[in-house]
Amino acid sequence: MASEAGADRRVLLNTVSVRRSSPPLSLQRIAAAAVELLDAEGVSRLTMRNLADRLGVGTTTLYWHVDTKDDVIDLAVDAVFAESPPPAGLGADWRADITALITDWRATLLRHPWSAALPMRQRPTVGPGFLAWMEFLQASLVRAGLTGRHVSAASWVLYSHVQGSATSQSALRWSVDEREVGQRQLNEHSDRYPTLVAQQHLLDDDWAGNFELGLAYILDGVAIQIAPQTG
């Protein structure tokens with residue numbers, strides 16, 4: 001019995017030693033672990049217990065720092081945006097600045113597909129990582145010559161474009177065979193959908209090309225709005 005008690009004590013001491021050697025729990029550590037878990041297993045596997053296990057702490061300890069899983073997701077989303085902060089200053093060409101920003105934004109979301117559907121959740125607060133991107137975007141639009149409600153409207157159009165592109169690409173993971181089957185079925189109804197058939201709609205998987213062309217359309221529209229304001 002004494003030897004067993006001694007063994008149990010050694011195990012306990014080893015456990016305490018491991019815990020003391022771990023870095024202290026912080027919001028930054030929680031966010032980083034949540035991003036890792038979400039990248040590896042998706043939103044459905046994000047629970048407070050799974051996250052606590054990944055951090056090597058008890059669930060109760062985790063709840064001392066965050067109240068709910070939604071809080072964790074908010075932290076993770078902002079950490080994703082903080083990975084690649086926007087440029088420190090504006091360049092000479094507003095259009096080039098916005099193109100680079102929105103393109104990087106899309107790439108960031110695609111590196112973490114779960115984040116494409118969750119950047120702002122349904123809550124009024126967003127973190128400094130995301131706000132830095134939005135600040136750069138609106139500052140670029142103001143520098144271009146937009147004012148007032150035009151800045152907000154253009155911001156939301158650009159936000160929706162990058163968000164929609166990343167979300168669609170992340171969600172619509174059709175195989176080549178699935179696309180071909182779908183297009184053949186569509187072709188059988190060419191009398192009802194002649195344009196879709198002519199455009200080979202279901203075979204189009206040029207996500208990047210469509211995103212870039214759509215962005216060019218939006219910026220062309222912004223440029224048209226600038227002229228009357230600055231003229």
Self-check item: Within the range 157-204, considering residues that are within 26 Å of Thr108 (Cα to Cα) and outside any helix (DSSP H, G or I), the one least open to solvent (accessible area, probe 1.4 Å)
Solution: Ser175
Self-check item: Qualifying residue in the range 192-200 (condition: aromatic (Phe, Trp, Tyr) and under 30 Å from the mean Cα position of the chain (by Cα))
Solution: no
Exercise. Consider Leu213 carefully, then state whether it is touching a Leu at 6+ places or on another chain (Cβ under 8 Å) and assigned to a helix (DSSP H, G or I).
Key: no
Practice problem: Would you check if Phe81 is touching a Pro at 6+ places or on another chain (Cβ under 7 Å) and of a type outside the set (Ser, Thr, Tyr)? | Solution: no
Quiz prompt | Lone unmet requirement of (1) modelled with pLDDT under 90; (2) in contact with a Phe, Trp or Tyr (Cβ under 9 Å, 6 or more places away or on another chain) for Val222 | solution = (1)
Exercise. Among the residues of the range 40-64, write down those that are part of a helix (DSSP H, G or I), of a type in the set (A, V, I, L, M) and surrounded by 13 or more Cβ atoms within 10 Å (Cβ to Cβ).
Key: Val43, Met48, Leu51, Ala52, Leu55, Leu62
Self-check item: Within the range 91-126, considering residues that are assigned to a loop (DSSP other than H, G, I, E, B) and buried (at least 16 other Cβ atoms within 10 Å of the Cβ), the one modelled with the highest pLDDT
Solution: His112
Quiz item: Failed condition for Leu75, given (1) in contact with a helix residue (DSSP H, G or I) (Cβ under 8 Å, 6 or more places away or on another chain); (2) of a type outside the set (Asp, Glu); (3) open to solvent by 30 Å² or more (accessible area, probe 1.4 Å); (4) farther than 11 Å from Ala31 by Cβ, with all others met?
Solution: (4)
Exercise. Those residues that are over 26 Å from the mean Cα position of the chain (by Cα) and surrounded by 11 or more Cβ atoms within 10 Å (Cβ to Cβ), I need them from the range 205-231; list them, please.
Key: Ala223, Gln225, Ile226, Gln229
Practice problem: For the range 168-190, indicate whether the set of residues that are touching a residue at least 24 places away in the same chain (Cβ under 8 Å), over 30 Å from Leu46 (Cα atoms) and not small (Gly, Ala, Ser) is non-empty. | Solution: yes
Quiz prompt | Any hit, the range 22-29, residues being at pLDDT below 95, under 17 Å from the mean Cα position of the chain (by Cα) and among the hydrophobic types (A, V, I, L, M, F, W, C) | solution = no
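Mind listing just one residue for me: the one in the range 65-85 that is in a loop (DSSP other than H, G, I, E, B) and in contact (Cβ under 8 Å) with a residue 40 or more places away in the chain and, of those, nearest to His112 (Cα to Cα)?
Pro85
The values are calculated or read from the model by the stated rules, or taken from the named source; none is laboratory data. The structure presented is a predicted model; accordingly, all values stated were derived computationally and were not measured. Neighbour counts are summed over all protein chains in view; Cβ atoms, including those assigned to glycine, are modelled from backbone coordinates with ideal geometry. Ligands, DNA and RNA are stripped out before the accessible areas are found, and what is left, the full protein with its side chains, is counted by its heavy atoms. Shrake-Rupley method; radii C 1.70, N 1.55, O 1.52, S 1.80 Å.
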